[in-house]
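Report on one structure; see the data block that follows.
FYI, it's all coordinate maths here, none of it is from the lab. These numbers were taken from a predicted model, which means no experiment stands behind them. In this analysis, Cβ positions are derived from the backbone assuming ideal geometry, glycine residues included, and neighbour counts consider all displayed protein chains.
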Amino acid sequence: MEILVTGGAGFIGSHTLIALIHAGYTPIVIDNLCNANPIVLDRVAEITGVRPRLYEKDIRDRGALRTIFEEHTIEAVIHFAGLKAVGESTEIPLEYYQNNVTGTLVLCEEMRRAGVFRLVFSSSATVYGDPETVPIPETARTTATNPYGRSKLFIEEILRDLVASDDRWGVVLLRYFNPVGAHPSGRIGEDPKGIPNNLLPYITQVAVGKLKELAVFGDDYETADGTGVRDYIHILDLADGHVKALKRVDSDKGVFTYNLGTGTGYSVLEMVKAFEEASGARIPYRIAPRRPGDIAACFAHPERARKEMGWEAVRGLQEMMRDAWAWQSQNPDGYPESSD
Ligand code: NAD
Ligand code: WQD
């Protein structure tokens, strides 16, 4: 069964390709490589024996989408393609709405034209804003505090309207919490461009000597040790959630929203300690001022995904750290620059 994976050369997409192949699907990738390296597909082939077909195109390219739908029998689409940096989104909001929202509109229009009505969408816990309570259920109030989060919220509402207007659609909205780690082989992983915004890639780059020390953004939050608490989920658990989501819309029409998190929160200092234990590396850090827009605590109520999709995270913190280190220690500079 062929599945179109937009943004499939990215961090989450590449790990999901492996889960799809192992589940017997044939993933077809469309990715404009604005934040990815095509070598990742060679690495997927190393791990699975299958090199997914890559269309190096933008999802806003109707001609490219029509070619794909003509050349393949696409049964469903997993839609990862998008820009995802919160800070950058406040600097270039137009580009974020153009890429994320318009990209999704074009994709859905071309899916409908091709008669493909099953979609799994990458949403984000960022749609909860600063949560009123934790753990956060899917029924919690949603609000956005930046253009990136608003783009995700807009897309969720667009897809709900689409489903309400046309009962041929089956849509799963997956609200990811904090994906971390890598495939245990260390051959694929998170490869942010420039200085990492996110905690764990920053820690692993300190461990491998690319960065000097970690700045802990605030230790005066209302948390056990004063540092920010988040729901970190192993990237392989997240990838498995997409296979379950495909099955969820195998027969059922409608729109279904699920948190993909562990339901457990860890603080920044707990992450540093866990990484040091898993890697044997020491992570020097200093307490720095809070990062604007950060919240104290955010972690999932994961029950609905378990009950309705039969999915739950199974990998613990030590495995997340061990696998993140396997990737970074084997690839201190990330993926090599592609030759072409
Ligand atoms: P990523 O940047 O590694 O992957 C996104 C991929 O999409 C990249 O390969 C990029 O080249 C591609 N892309 C971007 N715009 C495109 C376009 N217009 N046409 C074709 N390809 C395009 O990011 P990721 O961490 O793998 O995230 C994947 C999705 O999950 C994103 O939508 C992101 O917003 C969402 N998400 C990520 C996180 C996280 O912490 N990583 C958390 C919640 C949600
Ligand atoms: C985690 C914790 C920081 C870096 C972001 C996006 C969200 C989603 C996931 C796309 C916080 C602290 C971090 C550092 C630190 N992405 N930290 N020093 O902010 O929970 O979520 O990524 O959807 O939209 O907002 O993740 O990894 O940036 O931060 O102290 O150098 O680590 O304050 O408490 P976040 P993060």
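How many residues does region 193-212 hold that are in contact (Cβ under 8 Å) with a residue 60 or more places away in the chain and either surrounded by fewer than 22 Cβ atoms within 10 Å (Cβ to Cβ) or within 13 Å of ligand 2 (Cβ to nearest atom) (or both)?
13
What are the residues in region 102-127 that are out of contact with any helix residue (DSSP H, G or I) (no Cβ under 9 Å at 6 or more places or on another chain) and within 13 Å of ligand 2 (Cβ to nearest atom), if any?
Answer for region 102-127, where residues must be out of contact with any helix residue (DSSP H, G or I) (no Cβ under 9 Å at 6 or more places or on another chain) and within 13 Å of ligand 2 (Cβ to nearest atom): just ALA125.
Report yes if THR257 is touching a Ser or Thr at 6+ places or on another chain (Cβ under 9 Å) and either among the hydrophobic types (A, V, I, L, M, F, W, C) or within 16 Å of ligand 2 (Cβ to nearest atom) (or both), otherwise no. Can you show your working first?
Values: touching a Ser or Thr at 6+ places or on another chain (Cβ under 9 Å): yes; either among the hydrophobic types (A, V, I, L, M, F, W, C) or within 16 Å of ligand 2 (Cβ to nearest atom) (or both): yes.
When the stated conditions are applied, THR257 passes them.
Here's a check for you: in region 143-160, which residue that is away from ligand 1 (no atom under 13 Å from the Cβ) and part of a loop (DSSP other than H, G, I, E, B) is farthest from ASN259 (Cα to Cα)?
The qualifying residue farthest from ASN259 (Cα to Cα) is THR145.
Given (1) surrounded by 22 or more Cβ atoms within 10 Å (Cβ to Cβ); (2) out of contact with any Lys or Arg (no Cβ under 9 Å at 6 or more places or on another chain), identify the lone condition not met by GLY186.
It fails just one condition, (1).
Name the residue that is farthest from ligand 1 (Cβ to nearest atom), counting only residues in region 106-129 that are under 17 Å from the mean Cα position of the chain (by Cα) and in a helix (DSSP H, G or I).
TYR128
Can LEU236 be described as more than 16 Å from ligand 2 (Cβ to nearest atom) and at negative phi?
yes
Tell me which residues, restricted to region 234-262, are within 14 Å of the chain's Cα centre (by Cα) and assigned to a strand (DSSP E or B).
HIS234, TYR258, ASN259, LEU260 - these are the residues of region 234-262 that are within 14 Å of the chain's Cα centre (by Cα) and assigned to a strand (DSSP E or B).
Contact list please: Cβ distance under 6 Å, first residue in region 83-107 and closer than 19 Å to LEU162 by Cβ, second residue more than 10 Å from ligand 1 (Cβ to nearest atom), pairs at least six apart or on different chains.
Correct list of pairs: VAL101/PHE154.
In contact with a Cys (Cβ under 8 Å, 6 or more places away or on another chain) and of a type in the set (Val, Ile, Thr): which single residue out of VAL249, VAL229 fits that description?
Exactly one of VAL249, VAL229 is in contact with a Cys (Cβ under 8 Å, 6 or more places away or on another chain) and of a type in the set (Val, Ile, Thr), namely VAL229.
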